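The values are calculated or read from the model by the stated rules, or taken from the named source; none is laboratory data. As the structure is a prediction and not an experimental result, all values here were calculated from the model. Every residue, glycine as well, gets a Cβ built from its backbone with ideal geometry; the counts of neighbours run over all protein chains shown. Remember, those area values only see protein heavy atoms, side chains included, never the ligands or the DNA or RNA. Shrake-Rupley method; radii C 1.70, N 1.55, O 1.52, S 1.80 Å.
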Amino acid sequence: QVQLVESGGGLVQAGGSLRLSCAASRSTFSSYGMGWFRQAPGKERKFVAAISRSGGTYYTDSVKGRFTISRDNAKDTVYLQMNSLKPEDTAVYYCAATSLDLRYDLGTSYGYWGRGTQVTVSS
């Protein structure tokens, strides 16, 4: 079992920045691929970014150049640095972990999920 706890969400004006953190409960954190997904009100959950066990990164097109995913295996934590935020980035952001090394953009690839953190971007 892997428990994931997100933090760092909040209210920010358009153009601002936030850094989300996701702390994992297991010391084998480095053996998991990690992803961030988001769900806006009334919409389905969608892929945002992922980082593989080896450090490869993947982004959905709408956040490329604005968001950066990174991981610190010594701290069992994955981060999502979000810059130039837009109102359409408003959503609950979820952290997820996978022991698989394929299709990081699919929610079904992930076996463990956090409870989410709210990000609200005002115009």
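The condition of being of a type in the set (Lys, Arg) and over 21 Å from Val2 (Cα atoms) holds for Lys64. In region 16-23 there is at least one residue matching the filter, namely being hydroxyl-bearing (Ser, Thr, Tyr) and modelled with pLDDT of 95 or more. Output the residues belonging to region 32-55 that are open to solvent by less than 50 Å² (accessible area, probe 1.4 Å) and not in a strand (DSSP E or B). Across region 32-55, the qualifying residues are Tyr32, Ala40, Ser52, Gly55.
Put simply, of Tyr104, Tyr93, Tyr59 the only residue that is open to solvent by 30 Å² or more (accessible area, probe 1.4 Å) and of a type in the set (Phe, Trp, Tyr) is Tyr59. Within region 1-59, the set of residues being among the polar types (S, T, N, Q) and within 12 Å of Val78 (Cβ to Cβ) comprises Ser7, Ser21, Ser30, Ser52, Thr57.
To keep it simple, each residue is scored yes or no on (1) in contact with a helix residue (DSSP H, G or I) (Cβ under 9 Å, 6 or more places away or on another chain); (2) without any contact (Cβ under 8 Å) to a residue 24 or more places away in the chain; (3) over 20 Å from Gly16 (Cβ atoms).
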residue	(1), (2), (3)
Ser52	no, no, yes
Gly56	no, yes, yes
Ile69	no, no, no
Asn73	yes, no, yes
Leu85	no, no, no
Trp113	yes, no, yes
Gln118	no, no, no
